[in-house]
Amino acid sequence: MDVLALVTAVVALAGAAVTAVLGYWAQRRLRTLDQRNLMEAYGAALAWAAYDLQSRLFNILRGHAIEQTPGKGHGFLTGFLTEGTAEDGEYARRSTVFLLAEYLGWVEILRRDVQFLDLGRSRTNQQVMGKISEIGSILNRTPSGGPEPLRVFRTQQRAIGELMVHPEGEPGRRRCLGYAEFCAKLDTDDNFRRWFRQLLADIDSLAEHPGPSLPRLEEIQHRLIGLIDLLDPKSEQFPQSRRPFGQHAG
């Protein structure tokens with residue numbers, strides 16, 4: 001009986017150990033799938049935000065280049081802010097600032113939810129976070145000639161990102177404010193608007209004196225394309241996204 005009891009105990013212990021190991025690996029597999037799904041969902045949204053922002057910067061840069069040739073017409077900012085109606089000008093200001101804010105919002109969402117996950121061993125994830133850091137550094141940069149339009153300090157980048165996260169979201173299911181919601185808050189929430197007052201004024205500054213800011217905006221546009229390349233390496237979502245302005249992409 002003692003031998004039988006011992007064998008039974010050993011078998012039960014072994015079974016418990018196997019169950020524990022299988023449970024551990026099952027939980028790890030589920031965790032990995034959750035991480036992958038979260039990165040895919042948030043990564044796609046971040047890629048779209050980066051695409052829209054780089055596209056607007058491309059239009060601003062190209063518009064300035066067009067205006068350097070007599071008879072070619074007006075570029076994006078001049079056409080809307082100088083030659084367009086008051087509604088055109090307000091659209092150019094708000095939509096450009098929104099695209100920047102939306103990008104910062106998705107960066108903040110990624111930071112909030114992904115920071116709790118074990119993604120450090122993912123080389124692609126490390127590269128994505130590195131590219132985001134590069135873009136943040138360029139936005140934060142203070143040129144030797146003084147402040148430039150669309151310069152946003154790092155803490156301000158975080159604050160704007162926080163404001164753009166929709167309050168009804170939850171971990172794993174967050175989203176940013178839409179353009180209509182963004183405009184409504186600009187019109188009705190003084191505290192919200194004050195974070196964007198300078199950026200809105202910067203759009204007019206870019207239309208009037210774009211020259212000094214162009215190299216920095218071009219650098220940001222290149223880095224955004226680099227981020228899209230990481231998030232969409234096979235060009236499945238953005239086949240036309242590889243459009244760095246100028247001759248050299250960063």
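The values are calculated or read from the model by the stated rules, or taken from the named source; none is laboratory data. This structure is a prediction, so every number in the text was calculated from the model and none was measured. Here the Cβ positions follow ideal geometry from the backbone for every residue, glycine too, while neighbour counts run over all protein chains shown.
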request  = Can you run down the residue pairs with Cβ atoms below 7 Å, 6 or more apart or on separate chains, where the first is in region 73-102 and of a type in the set (Asp, Glu) and the partner is buried (at least 17 other Cβ atoms within 10 Å of the Cβ)?
outcome  = Asp88/Phe80; Glu102/Ala49; Glu102/Met164; Glu102/Cys176
Matching option when the condition is over 15 Å from Arg94 (Cα atoms) and within 20 Å of the chain's Cα centre (by Cα), among Glu181, Glu170 = Glu170
query = Would you call Leu46 at pLDDT 75 or above, within 15 Å of Leu110 (Cβ to Cβ) and hydrophobic (A, V, I, L, M, F, W, C)?
reply = yes
key: Subset of region 49-75 that is small (Gly, Ala, Ser) and not in a helix (DSSP H, G or I) - its residue that is modelled with the highest pLDDT   = Gly75
inquiry  = For the structure I just gave you, tell me whether Arg111 is at negative phi, crowded, with 18+ Cβ neighbours inside 10 Å and either part of a loop (DSSP other than H, G, I, E, B) or at pLDDT below 95 (or both).
reply    = no
inquiry  = Can you say whether Thr78 is exposed (fewer than 14 other Cβ atoms within 10 Å of the Cβ), at pLDDT below 95 and not hydrophobic (A, V, I, L, M, F, W, C), as far as the supplied structure shows?
reply    = no
ask   = Which members of region 193-221 meet the condition of being farther than 18 Å from Tyr103 by Cβ and part of a helix (DSSP H, G or I)?
value = Arg193, Arg194, Arg197, Ala201, Asp204, Ser205, Ala207, Glu208, Gly211, Pro212, Leu214, Pro215
message = It is to be established whether one or more residues within region 140-163 are surrounded by fewer than 12 Cβ atoms within 10 Å (Cβ to Cβ), over 13 Å from the mean Cα position of the chain (by Cα) and touching a residue at least 12 places away in the same chain (Cβ under 8 Å).
response = yes
query = Would region 186-194 turn up any residue that is aromatic (Phe, Trp, Tyr) and either without any contact (Cβ under 8 Å) to a residue 12 or more places away in the chain or buried (at least 19 other Cβ atoms within 10 Å of the Cβ) (or both)?
reply = no
key: Where Arg173 falls short, out of the listed (1) loosely packed, with under 13 Cβ neighbours inside 10 Å; (2) within 20 Å of Leu99 (Cβ to Cβ); (3) not hydrophobic (A, V, I, L, M, F, W, C)   = (2)
task = Test Asp202 against the criterion of being under 30 Å from Ala184 (Cα atoms), at pLDDT 85 or above and buried (at least 17 other Cβ atoms within 10 Å of the Cβ), and give yes or no.
result = yes
Criterion: in contact with a Pro (Cβ under 8 Å, 6 or more places away or on another chain), at pLDDT below 95 and within 26 Å of Ala47 (Cβ to Cβ) - qualifying residue of Arg216, Arg174 = Arg216
ask   = Can Arg141 be described as touching a helix residue (DSSP H, G or I) at 6+ places or on another chain (Cβ under 8 Å) and at pLDDT below 90?
value = yes
inquiry  = Tell me whether region 93-100 contains one or more residues that are modelled with pLDDT of 75 or more, farther than 22 Å from Pro215 by Cα, surrounded by fewer than 18 Cβ atoms within 10 Å (Cβ to Cβ) and not basic (Lys, Arg).
reply    = no
